[in-house]
Amino acid sequence: MITTMYPEYPPGLNDEQNKYLLANLKDWSIAHGLAVRPPPAYVPEEHNPLGALATTAPVTLFPSLFPRVCFEQAKSVAKAYNELYSAIASDEGWLKGIVEELVDIDDFIAQLWKVYTSTKSEGYVQPLQLGLFRSDYMVHVDPADTSPSPAVKQVEFNTIASSFGGLSSQVSALHKHLLSIDAYPDTISSIVNEAALPQSSSVPQLARGMAVAHQAYGPPESDIETCVIFLVQDPERNVFDQRHLEYALNNNHGVRTFRLPFGRVLDDTKLDANRKLLYLPPHAPNKPFEVSLVYFRAGYSPAEYQSQRDWDGRLQIERSAAIKCPSILTQLAGTKKVQQVLATPHSPHLKRFLPDDAQAAAVLKTFAPIYPLDKSEAGQEARNLATNPETAVRYVLKPQREGGGNNVYRKAIPGFLNGLPELQWPAHILMEMIEPPAQSNVIFRNGEMQEGGVICELGIYGACLWKNGEKDGERDIVENFEAGYLLRTKGSGSEEGGVAVSCCSTRNVLWS
Ligand code: ADP
Ligand code: MG
Ligand code: MG
């Protein structure tokens, strides 16, 4: 049975202590860009006509606790995961097998695949690919194990628009600052201290990943400058998260960056005769830039593709000589279906992509059980589990979607499947719920404090630049490194919770 060793965490504060902590947290956050644009419901548009207002990003008042051994475990597999997913993204033949199971029942996947095949038939002109990945984990302790030692299990692997790397570095710095000015009472000094608060290097490392790609792209064809495009949603509330990366790229590496709304690709870019991607800034259309890298913070959800024009824009980028982060195949490698296929017991796939036995074993340890919902034997078994209200409560059902809010949880699964034509079932995977032990914290969100039970989800960023070879499945890795972390803290009451970023305290203190 797992119990917390620190029932007194977070500590109770008196009014003056609370005021001191909050005043410092609020001001430090704004002063350091730990901020978001306010939700429209929070500040009506008529009070914010130029969109100039910002508010503090949701954070926990206290660092959430996370076992150091689990933090180290997740970091230790980061490079192996980069290797694994770059190999998958380079293997069209293998991915085709996955996509074929989905194209007839998932229009979004079908459309992405069409962009790929259309580009492929013409021939790709850029062999380099950049992955800025984030592998997400929760702590899992097997309840059947009498002397449980905590380990992480992977929630999912993100290959497109992995967010919060910009804010995460700031959250680490915020909690360190609060510690340094004695905003935390002495009673928790054995838990929250300098050694227990690792700084997330996500800003410099993700920026370095982009800079490496930019550099590898080489000099421009003519005498115009090169730039990196941040392809973004519009409006975007999480804009400062992205800005931190832009500023790091500009300040540390001298790389020009521009923000291009996803719907404006065909308005503001064009291809030259060699399929170089040219960006024509709307504020200075006579001074075009050659695009070295397109970093996607958009384009992962069907709702963003409002018309054929948006698909044409996606195709224009894919056909171009710019390095894509991600390419279509890299995006498809991040589908939940791929995660399920890798996690199938005794499957040969992991070995195929990760020939090093030690690496493969370490990665395998992070897999949670995931099942298909097709007509295979495993699929039939999963169908029984998912449609039985007694067993369904241990699972989450996921479609091939990104960005949160798409999953069906526990007791809602049987009813959901009941209302879904059986033909559509294989578009989903069934995953065992990871049950991290709850702890308590106080979340500061939209100017309000919410105290209660929380759970943590750790994301480890990875950066990987590789070069595809002539033959399918061939690739050379140019750079591969771990790129910092994100610890999110969510209310344990709701299934997905709101997103609150929180700093990581990695002493192995949580478990008795
Ligand atoms: P998305 O790509 O939309 O972020 P996720 O697979 O990350 O999809 O699921 C969204 C959220 O649902 C996660 O951040 C986590 O809070 C919860 N979740 C997903 N899978 C599991 C799981 N197996 N166990 C516990 N919680 C999960
Ligand atoms: Mg995701
Ligand atoms: Mg997720």
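Each reported figure results from applying straightforward, stated rules to the coordinates on display, with no laboratory input. Note that the structure is a prediction, hence the values are computed from the model and not measured. Ideal geometry is used to build each Cβ from the backbone, glycine not excepted, and the neighbour counts take in all protein chains shown.
Data for the structure
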{"item": "Reciprocal of mean inverse Cα separation for the chain (Kirkwood radius, Å)", "result": "23.9 Å"}
{"item": "Dipole axis of the chain (+1 Lys, Arg; -1 Asp, Glu on Cβ), positive-most option in Asn14, Met138, Asn252", "result": "Asn252"}
{"item": "Set Lys153/Lys398; Lys75/Lys96; Lys120/Lys337; Lys96/Lys471; Lys153/Lys337 screened for pairs whose C-alpha atoms are more than 19 Å apart", "result": "Lys75/Lys96; Lys120/Lys337"}
{"item": "C-alpha center-to-center spacing [the range 216-244, the range 87-158] in angstrom", "result": "24 Å"}
{"item": "At least 18 Å along the helix axis (C-alpha) and Kyte average at least -1.0, DSSP helices within the chain", "result": "15-31, 107-122, 165-180, 202-217"}
{"item": "For the range 233-312, alpha-carbon Rg over 2.2 N^0.38 Å", "result": "1.16"}
{"item": "Filter on Lys351/Lys467; Lys375/Lys411; Lys375/Lys490 - keep pairs with C-alpha separation over 30 Å", "result": "Lys375/Lys490"}
{"item": "Residues of the range 19-42 with amide N under 15 Å of the 7 Å Cα→Cβ point at Arg259", "result": "33-39"}
{"item": "For the range 23-177, the spread of Cα positions along each principal axis, largest first, Å", "result": "58, 57, 31"}
{"item": "Residue-count net charge about Val36 - beta-carbon cut-off 12 Å; Lys, Arg +1, Asp, Glu -1", "result": "+2"}
{"item": "Volume of the Cα convex hull of the range 125-264, divided per residue and given in Å³", "result": "191 Å³"}
{"item": "Sites Asp145 and Lys375, calculated FRET efficiency, Cβ-Cβ separation with R0 35 Å, nearest 0.05", "result": "0.55"}
{"item": "Per DSSP, loop GluC sites (Glu not before Pro) in the range 167-269 with at most 14 further Cβ within 10 Å", "result": "Glu221, Glu225"}
{"item": "Point-charge dipole on Cβ atoms (K/R +1, D/E -1) for the chain, about Cα centre, debye to 20", "result": "360 debye"}
{"item": "Surrounding net charge for Arg314, when Lys and Arg each add one and Asp and Glu each subtract one, Cβ distance under 11 Å", "result": "0"}
{"item": "Antiparallel DSSP beta bridges within the range 157-312, percent to nearest 5", "result": "30 percent"}
{"item": "Inter-centroid distance (Cα atoms) of the range 55-86 relative to the range 254-296, Å", "result": "33 Å"}
{"item": "Cβ crowding within 10 Å averaged over residues, with 81-88, 399-406 ranked highest first", "result": "81-88, 399-406"}
{"item": "Placed amide H near Glu156: partners under 5 Å, 5+ positions off or other chain", "result": "Asp136"}
{"item": "Length-normalised contact order for the chain - Cα pairs under 8 Å, 6+ apart - percent", "result": "28 percent"}
{"item": "Nonlocal amide H pairs with Asp234, under 5 Å, H built at 1.01 Å", "result": "Phe262"}
{"item": "Charge sum, other residues only, whose C-beta stays under 14 Å from Gln17's C-beta, Lys/Arg counted +1 and Asp/Glu -1", "result": "-3"}
{"item": "222 nm mean residue ellipticity, helices alone, for the chain (DSSP H n ≥ 4; -39,500 (n - 2.57); rounded to 500)", "result": "-10000 deg cm²/dmol"}
{"item": "Rounded to whole Hz, the Karplus (6.51, -1.76, 1.60) HN-Hα couplings of the range 401-407, x for glycine and proline", "result": "9, 10, x, x, x, 9, 8"}
{"item": "Among His175, Leu423, Ala52 the positive-end extreme of the charge dipole of the chain (Cβ point charges)", "result": "Ala52"}
{"item": "Estimated inter-spin distance, Leu420 and Ile105, nm [label 7 Å along Cα→Cβ]", "result": "0.8 nm"}
{"item": "Part-to-part distance (alpha-carbon centres) for the range 352-407 and the range 431-476, which is given in Å", "result": "17 Å"}
